Amino acid sequence: MREQRPNMVQNLGQYTHIHDAILEYFKIGITSIKSDNFPQKYSDMIKAIPGKDTCQLQNQYSILGAFTDAISPSEQALANMSKNRKQDIVPDGASRVVLSTPIDGWNDYVNAVYATGYGEKDNYIITQMPLPETMKDIWRIVHDTGISTIVMMNMVDDTYEFSTVYWPQETEQMEYHPLIVDCLDVDTSNTDITVRNIRISKIAGKVGVRKDDISGRVVRHFQLQNWPDGQATPASVEAIVDLLEKVEKWQQKVENKKILVQCLDGASQSGVFCAAHSVIEKVKVDQEVDVFQYLRLLRSHRPQLVNTYEQYKYVHEVVLRYLQNFDLYANFQ
């Protein structure tokens, strides 16, 4: 190749990547499946391999672990350990979200990372449920990144010591100067998903001296209500499919397509939504299903995403149900 174009493969990183790609091909093969073939292929993948106590999907998930690299915590993460729920789930320097809205006595650190799925770069912001003393930071993320969508994957358990409600109740207001957060309305008609419309505004002036709002944006907060803490997966597949549909309809109305995805520790539940959302976005455009590659991409930012085989299988079940419910096969023709 270099005889024709001397500058092909310019550095060791690119040369190493070629070897990694070849190794992956021989280890796992092609993981992309045409959407119309997916139901039958998935059925075959979960059948026990004759003479073995495993199946093809389990083997694939095990191989995924070998291609998941550990990350090095950023200096800020190490210096702000008290702000992390789990000391092993922290951002690295390359992916961490850096806060810019100044608050007296507070720095730019938050346990949140950008992650890339299908579509634009860094289309997810993955974070933990804030601690009582860091509630202001989740709204700093919302303001600083300009997002309009929050997906909360965990339930609120009043018995859990650090389960913090970081949003105002209906018609109430929270103030984290210079940010004002108002809850406009709450929809609880769906027992599995609570939807809140929240307005975030930035005010001018010093603390205690309010002036006219200089910005305001409505943020829609989707909370999944059927995934109790400690369970590997939600209680049903239908609830996640419904959540994906509601988020999609809202995303069509807003300019900023980034989604803040939040669960208790910023990994254990968030990965299910991000992986399912990424794969389904690919299905809609390319008519192909590839859970392996998109989870691998997401894990490059937060290695703990989808950390059990049960969750990996569950993401496949969500994609299967999505295809069945919305009859996408007909739309692909």
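The values are calculated or read from the model by the stated rules, or taken from the named source; none is laboratory data. Because the structure is predicted, anything quoted here is derived from the model rather than measured. Note: ideal-geometry Cβ built from the backbone for every residue, glycine included; neighbour counts use all protein chains shown. Accessible surface areas use protein heavy atoms only, side chains included; no ligands, DNA or RNA. Shrake-Rupley method; radii C 1.70, N 1.55, O 1.52, S 1.80 Å.
Of everything in region 147-172 that is over 20 Å from the mean Cα position of the chain (by Cα) and either open to solvent by less than 10 Å² (accessible area, probe 1.4 Å) or closer than 19 Å to residue 263 by Cβ (or both), the residue that is modelled with the highest pLDDT is 168. Of all residues in region 2-21, those satisfying the criterion of being assigned to a helix (DSSP H, G or I) and open to solvent by less than 90 Å² (accessible area, probe 1.4 Å) are 13, 14, 16, 18, 20, 21. With respect to the conditions (1) touching a residue at least 40 places away in the same chain (Cβ under 8 Å); (2) surrounded by fewer than 21 Cβ atoms within 10 Å (Cβ to Cβ); (3) of a type in the set (Gly, Ala, Ser), residue 72 lacks only one, and its number is (1). Residue 127 falls short on exactly one of the conditions (1) polar (S, T, N, Q); (2) over 17 Å from the mean Cα position of the chain (by Cα); (3) assigned to a strand (DSSP E or B), and that condition is (2). Filtered by the rule that a residue be open to solvent by 10 Å² or more (accessible area, probe 1.4 Å) and not in a loop (DSSP other than H, G, I, E, B), region 292-315 gives 293, 294, 296, 297, 299, 309, 310, 313, 314. For region 176-194, the candidate set comprises residues that are among the aliphatic types (A, V, I, L, M) and in contact with a helix residue (DSSP H, G or I) (Cβ under 7 Å, 6 or more places away or on another chain); within that set, the residue that is farthest from residue 226 (Cα to Cα) is 179.
Within region 23-30, is there a residue that is open to solvent by 20 Å² or more (accessible area, probe 1.4 Å) and touching a strand residue (DSSP E or B) at 6+ places or on another chain (Cβ under 7 Å)? Among the residues of region 23-30, not one is open to solvent by 20 Å² or more (accessible area, probe 1.4 Å) and touching a strand residue (DSSP E or B) at 6+ places or on another chain (Cβ under 7 Å), which makes the answer no. Checking the structure you have, find out if any residue of region 36-47 is acidic (Asp, Glu) and at pLDDT 95 or above. Within region 36-47 (the criterion being acidic (Asp, Glu) and at pLDDT 95 or above), the answer is yes, since at least one residue qualifies. Within region 277-291, the set of residues being open to solvent by 10 Å² or more (accessible area, probe 1.4 Å) and under 15 Å from residue 324 (Cα atoms) comprises 284, 287, 288. When each of 144, 92 is tested for being farther than 24 Å from residue 216 by Cβ, charged (D, E, K, R), out of contact with any helix residue (DSSP H, G or I) (no Cβ under 6 Å at 6 or more places or on another chain) and surrounded by 14 or more Cβ atoms within 10 Å (Cβ to Cβ), the lone residue that passes is 92. The number of residues in region 95-113 being in contact with a helix residue (DSSP H, G or I) (Cβ under 9 Å, 6 or more places away or on another chain) and not β-branched (Val, Ile, Thr) comes to 9.
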